[in-house]
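A.B. asks: Handing you this structure, nothing more for now.
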Amino acid sequence: MSKYARVIVDQSGGNAFDYEIPPALEGGVHAGSRVSVPVRNRSKRATVIELLDHSDAEGIRFLEAVIGERPVLTPVLIRLARWIAEYYCCPIEPAMRAVLPQVIRLGEVRRKTQLFARIVRAPSGEELDRFDEKAPKQAAVIRCLQAARAPLPIALLLKKCAANHQTLAPLVKKGFVAVEPEQILRDPFGDEKFLPTDNLVLNEEQKLAAQAVAEAIQARGAAAPILLHGVTGSGKTEIYLQAIQSVLRRGQTAIMLVPEISLTPQTVERFKSRFAASQESVAVLHSHLSGGERHDEWHKINEGRARIVIGARSAVFAPLENLGLIVVDEEHENSYKQEETPRYHGRDIAVLRASFEKCAVVLGSATPSIESYHNASTGKYRLLRLASRVDDRKMPLIRVIDLRQEGAQPIFSGRLCAAISARLEKREQSILFLNRRGFSTSLICPACGYVCQCPNCSVALTFHRAASRLVCHICGHTAAAPAKCPACADPKIRFLGTGTEKVEEAVARLFPKAVVRRMDADAMARKDAFRETLNAFRTGKIDILVGTQMIAKGLHFPNVTLVGIINADLALHLPDFRAGERTFQLLTQVAGRAGRGEVEGEVFVQSFTPFSPSIQFARHHDFEGFWQQEIEFRQKWDFPPFTHMALITIRSANQTKASFSAETLGRRLKEVLPPTTLLGEPAPAPLEKARGEFRFQIMLRAKAIVALSRRLREVLDKLTFPEDVIVTVDIDPYQLL
Ligand code: ADP
Ligand code: ZN
């Protein structure tokens, strides 16, 4: 028997502490158990990460209690948390927080229970007669329960019999009826019924890919991770579904990761329906679940009642045992990267977990990330390809429109306008895409050049027409839109730039008979709005859907034959080495929404830089070509995947303190790190100020990232910064602003 438990205390500095297991708890404490332990004179919650026979710690105290019936973390999940702390240069406590959801840690949200009544002893005929005579309501309750042949929720029972709790009490006392709490599970999909669907017959390409995935599943971790590069609509999801089925048949479990944004009712429905026939329960994990729903879904997984988990980034930590397969759909998506500590990348963790679990992992995308494709090209991953759409539907025709020749900066070029109008006549649907919400991007005074800026951030405020306010997209600050210039009082102050609201308004004005809806974070703020709009669009009640990237991903609408990309340049000119990659991905994904049915699709891409490689390669559906030139660029400048980057951000409301701390840290790093590691001096971040804080950056680069992380941790642990200065480290960063 192990005598000691090494634990990580919740909300602590992150060091592990040892506690002695009292004899009464012997055998009941495991790695992954939740426990309570004494810390100074208080009792705190903690997670056991290891059992020990010896401990050299001094002043060891006894562990107080075990919480819950079973461990909440598997050994692999504990190992992942430790790995994350080391690789991503963060203390272990936040890493533990990532692998274990807060609702489970707090254990606050109780299981929702309801009281049920059932017959324990059926009254004899005589007894029933007596009830009829003296207490007709009690007789009714008994008859109702007998007729139901099953326990009934007492609320329902009492309502049916027009009775109340006083009616019930004597029946319980006399031993006819028992009242017991029973747990009901909150299911985010409620009472919805899913019609079972059958497997589709795979085409030749799909068969080859499915075969390779099946081999990887059988190899139990001995096979390389698979990168499934399949154009949009090539039937990747069908392969995932069938692979998961085979995993279940082997008695194993599966995780399917999708980006938050494409975790639509449509996707979930497709999964639930496929597994409905086999009564297999699918657990869903994403950030819009209520605490209670998350709690229930999580326990459903932990107790083995659900063997398939579909979810966003954090579902990679789903507490499944005996994993057979992890799928990461749209593996190139940036939303897999967590933008707060610990800043892990869900796709990379999926690959790592698969190697720990000795199971198969499939990364799928129509536009693989440069990193993953590089891994495939060096043989680290196995590349599978689906080059054509299902049923040989054609890829949509992409036309690039040179906005420089359109004059007067219209929202829609003449050709796009004509195309929309033609679709309306044929009763086909269109999607108009612009990756910028709001009405216009800035309010500017033509007389003095004044721009309405956010007081907390170094960005201009966006005008939102619906709310009739100026809004900051970084911090959410809002202000009234001034009628005249606040600086020079000129009344001609005007709106510049275009957001989705303006597109919606303009298209509604141009085509007054069309039904137009907008889909972006503003329009979809209400809980069910997303679902309702998608349904209305799918059933043809909407002609034109205007939206941000919310509509770019994974949606499948057979009747959409036109996609208009209002401004393809938005992502292209950011100070970020991934700008080209992002633009190529976005254009390809948005274009993929067109022509998914019988009729061929057409895409119009409007741009002021129509000859940029991202746009031209996307236009020719040429991923290979794009990759070739991009990987050369990355190699030439020694960017990832040829090196790893680390971004240190130093921020404070006090500009001097922030800049001084950045310089101190920069000097210290210069002393201890090889000179090639530091990329320039500490400097103001491109987004110099956000949420009232001034931001400085230090950029590092190294081939051996774990060694760098360790050095960095040592330096940071030794330095003390002023209290109002916050230093964060981002390993393999995606947000360089
Ligand atoms: P992807 O995930 O690559 O975008 P999907 O799996 O969503 O592609 O497939 C696109 C459409 O084609 C879906 O409606 C799907 O039901 C259908 N489909 C997929 N595979 C087949 C097949 N083998 N035969 C017929 N239809 C298929
Ligand atoms: Zn702001």
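The values are calculated or read from the model by the stated rules, or taken from the named source; none is laboratory data. Please read all numbers here as calculations on a predicted model, not as lab measurements. Neighbour counts run over all protein chains shown; Cβ positions are idealised from the backbone, glycine included. When the accessible area is computed, the model is the full protein with side chains, heavy atoms only, and any ligands, DNA or RNA have been set aside. Shrake-Rupley method; radii C 1.70, N 1.55, O 1.52, S 1.80 Å.
A.B. asks: Is it the case that the range 675-682 has a residue that's under 28 Å from the mean Cα position of the chain (by Cα) and either modelled with pLDDT of 95 or more or not in a strand (DSSP E or B) (or both)?
C.D. replies: The answer is no, given that none of the residues of the range 675-682 is under 28 Å from the mean Cα position of the chain (by Cα) and either modelled with pLDDT of 95 or more or not in a strand (DSSP E or B) (or both).
A.B. asks: Which ones in the range 238-252 are hydroxyl-bearing (Ser, Thr, Tyr) and in contact with a helix residue (DSSP H, G or I) (Cβ under 7 Å, 6 or more places away or on another chain)?
C.D. replies: Across the range 238-252, the qualifying residue is only SER246.
For (1) over 13 Å from SER430 (Cα atoms); (2) under 22 Å from the mean Cα position of the chain (by Cα), each residue gets a yes or a no:
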site	(1), (2)
PRO491	yes, no
GLY497	yes, no
GLU504	no, no
LYS513	yes, no
ASP528	yes, yes
VAL546	no, no
ILE551	no, yes
PHE557	no, no
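A.B. asks: Now for a separate question. Would you please name the residue that is farthest from PRO641 (Cα to Cα), looking only at residues in the range 690-720 that are part of a loop (DSSP other than H, G, I, E, B) and open to solvent by less than 50 Å² (accessible area, probe 1.4 Å)?
C.D. replies: Looking at residues that are part of a loop (DSSP other than H, G, I, E, B) and open to solvent by less than 50 Å² (accessible area, probe 1.4 Å), I get GLY692.
A.B. asks: Another question about this same structure. Regarding LEU443, is this residue more than 17 Å from VAL599 (Cβ to Cβ), open to solvent by less than 40 Å² (accessible area, probe 1.4 Å), under 36 Å from the mean Cα position of the chain (by Cα) and modelled with pLDDT under 90?
C.D. replies: Yes, satisfied.
A.B. asks: So, one more: Just checking, which of GLN606, GLN616 is touching a Gly at 6+ places or on another chain (Cβ under 8 Å) and either polar (S, T, N, Q) or on the phi > 0 side of the Ramachandran plot (or both)?
C.D. replies: From the options GLN606, GLN616, the qualifying one is GLN606.
A.B. asks: Same structure again: Which one of ARG382, ARG389, ARG393 is more than 26 Å from ASN322 (Cβ to Cβ) and open to solvent by 20 Å² or more (accessible area, probe 1.4 Å)?
C.D. replies: Being more than 26 Å from ASN322 (Cβ to Cβ) and open to solvent by 20 Å² or more (accessible area, probe 1.4 Å) holds for just one of ARG382, ARG389, ARG393, which is ARG393.
A.B. asks: Select, from ARG385, ARG389, ARG469, ARG423, the only residue that is more than 16 Å from ligand 2 (Cβ to nearest atom), charged (D, E, K, R) and more than 28 Å from the chain's Cα centre (by Cα).
C.D. replies: Residue meeting the stated conditions: ARG423.
A.B. asks: In the range 165-195, which residues are assigned to a loop (DSSP other than H, G, I, E, B), exposed (fewer than 14 other Cβ atoms within 10 Å of the Cβ) and modelled with pLDDT of 80 or more?
C.D. replies: Those that are assigned to a loop (DSSP other than H, G, I, E, B), exposed (fewer than 14 other Cβ atoms within 10 Å of the Cβ) and modelled with pLDDT of 80 or more: LYS174, GLY175.
A.B. asks: So, one more: Pull out all pairs, ordered by first then second residue, where Cβ-Cβ is under 8 Å, the residues are six or more apart or on different chains, the first lies in the range 381-410 and is within 18 Å of HIS556 (Cα to Cα) and outside the structural domain of THR588 (by TED's automatic domain parsing), and the second is open to solvent by 80 Å² or more (accessible area, probe 1.4 Å) and more than 16 Å from ligand 1 (Cβ to nearest atom).
C.D. replies: none
A.B. asks: So how many residues does the range 233-271 have that are part of a loop (DSSP other than H, G, I, E, B), within 16 Å of ligand 1 (Cβ to nearest atom) and open to solvent by 10 Å² or more (accessible area, probe 1.4 Å)?
C.D. replies: The number of residues fulfilling the criteria is 3.
A.B. asks: For the range 453-529, please list each of the strands (runs of 3 or more DSSP E) lying entirely inside it that holds at least 2 residues being open to solvent by 50 Å² or more (accessible area, probe 1.4 Å) and in contact (Cβ under 8 Å) with a residue 24 or more places away in the chain.
C.D. replies: 494-496
Every residue, every condition in (1) over 16 Å from the mean Cα position of the chain (by Cα); (2) under 20 Å from VAL390 (Cβ atoms); (3) among the polar types (S, T, N, Q), yes or no:
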residue: VAL231; (1), (2), (3): yes, yes, no
residue: GLU238; (1), (2), (3): yes, yes, no
residue: THR253; (1), (2), (3): yes, no, yes
residue: VAL258; (1), (2), (3): no, yes, no
residue: SER262; (1), (2), (3): no, yes, yes
residue: PHE271; (1), (2), (3): yes, yes, no
residue: ARG274; (1), (2), (3): yes, yes, no
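A.B. asks: Of all residues in the range 323-357 being open to solvent by 30 Å² or more (accessible area, probe 1.4 Å) and modelled with pLDDT under 95, which is nearest to VAL231 (Cα to Cα)?
C.D. replies: Here the residue is ASN334.
Conditions tested, residue by residue: (1) within 21 Å of ALA216 (Cα to Cα); (2) among the aliphatic types (A, V, I, L, M).
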{"residue": "VAL247", "(1), (2)": "yes, yes"}
{"residue": "GLN252", "(1), (2)": "yes, no"}
{"residue": "SER262", "(1), (2)": "no, no"}
{"residue": "PRO265", "(1), (2)": "no, no"}
{"residue": "ARG270", "(1), (2)": "no, no"}
{"residue": "ARG274", "(1), (2)": "no, no"}
{"residue": "SER278", "(1), (2)": "no, no"}
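A.B. asks: I'm checking my understanding of the structure. Among residues of the range 40-83 that are part of a strand (DSSP E or B) and more than 35 Å from the chain's Cα centre (by Cα), which one is surrounded by the most Cβ atoms within 10 Å (Cβ to Cβ)?
C.D. replies: Residue satisfying both the conditions and the ranking: LEU52.
A.B. asks: Given the conditions (1) within 23 Å of ALA354 (Cα to Cα); (2) touching a Leu at 6+ places or on another chain (Cβ under 9 Å); (3) open to solvent by 10 Å² or more (accessible area, probe 1.4 Å), and given that LEU100 satisfies all but one, which numbered condition is not satisfied?
C.D. replies: So LEU100 meets the others, but not (3).
A.B. asks: Return only the number of the condition from (1) open to solvent by 20 Å² or more (accessible area, probe 1.4 Å); (2) of a type in the set (A, V, I, L, M); (3) farther than 25 Å from ALA85 by Cα that ILE726 does not satisfy.
C.D. replies: Of the numbered conditions (1) open to solvent by 20 Å² or more (accessible area, probe 1.4 Å); (2) of a type in the set (A, V, I, L, M); (3) farther than 25 Å from ALA85 by Cα, the odd one out for ILE726 is (3).
A.B. asks: Taking the conditions exactly as written (without any contact (Cβ under 8 Å) to a residue 12 or more places away in the chain and closer than 24 Å to CYS457 by Cα), does THR649 satisfy them or not?
C.D. replies: Answer is no for this residue.
A.B. asks: Run down ILE301, ILE326, ILE310 and say which single residue is assigned to a helix (DSSP H, G or I) and either within 16 Å of ligand 1 (Cβ to nearest atom) or of a type outside the set (Gly, Ala, Ser) (or both).
C.D. replies: Only one candidate qualifies: ILE301.
A.B. asks: Regarding VAL599, is this residue over 30 Å from GLU681 (Cβ atoms), open to solvent by less than 10 Å² (accessible area, probe 1.4 Å), β-branched (Val, Ile, Thr) and touching a residue at least 60 places away in the same chain (Cβ under 8 Å)?
C.D. replies: no
A.B. asks: Ok, one more. If you scan the range 487-514, which residues turn out to be more than 18 Å from GLY414 (Cβ to Cβ) and of a type in the set (Val, Ile, Thr)?
C.D. replies: Correct list: ILE493, THR500.
A.B. asks: Out of the residues in the range 437-452 that are in a loop (DSSP other than H, G, I, E, B) and within 16 Å of ligand 2 (Cβ to nearest atom), state the one that is nearest to LEU496 (Cα to Cα).
C.D. replies: Restricting to residues being in a loop (DSSP other than H, G, I, E, B) and within 16 Å of ligand 2 (Cβ to nearest atom), the top hit is THR441.
A.B. asks: Can I ask one more? If a residue has to be of a type in the set (A, V, I, L, M), surrounded by 13 or more Cβ atoms within 10 Å (Cβ to Cβ) and closer than 18 Å to GLY497 by Cβ to count, how many in the range 398-415 make the cut?
C.D. replies: The qualifying residues number 2.
A.B. asks: Taking into account only those residues within the range 206-217 that are farther than 20 Å from ASP348 by Cα and touching a helix residue (DSSP H, G or I) at 6+ places or on another chain (Cβ under 9 Å), which is farthest from ligand 1 (Cβ to nearest atom)?
C.D. replies: Per the criteria, the residue is ALA214.
A.B. asks: So, one more: Quick check on my filter: what residues within the range 358-367 are crowded, with 24+ Cβ neighbours inside 10 Å and either away from ligand 1 (no atom under 16 Å from the Cβ) or under 18 Å from the mean Cα position of the chain (by Cα) (or both)?
C.D. replies: Across the range 358-367, the qualifying residues are CYS359, ALA360, VAL361, VAL362, LEU363, GLY364, SER365.
A.B. asks: Sticking with this one: Only residues that are of a type in the set (Asp, Glu) and out of contact with any strand residue (DSSP E or B) (no Cβ under 7 Å at 6 or more places or on another chain): list them for the range 81-101, please.
C.D. replies: Result: GLU86, single match.
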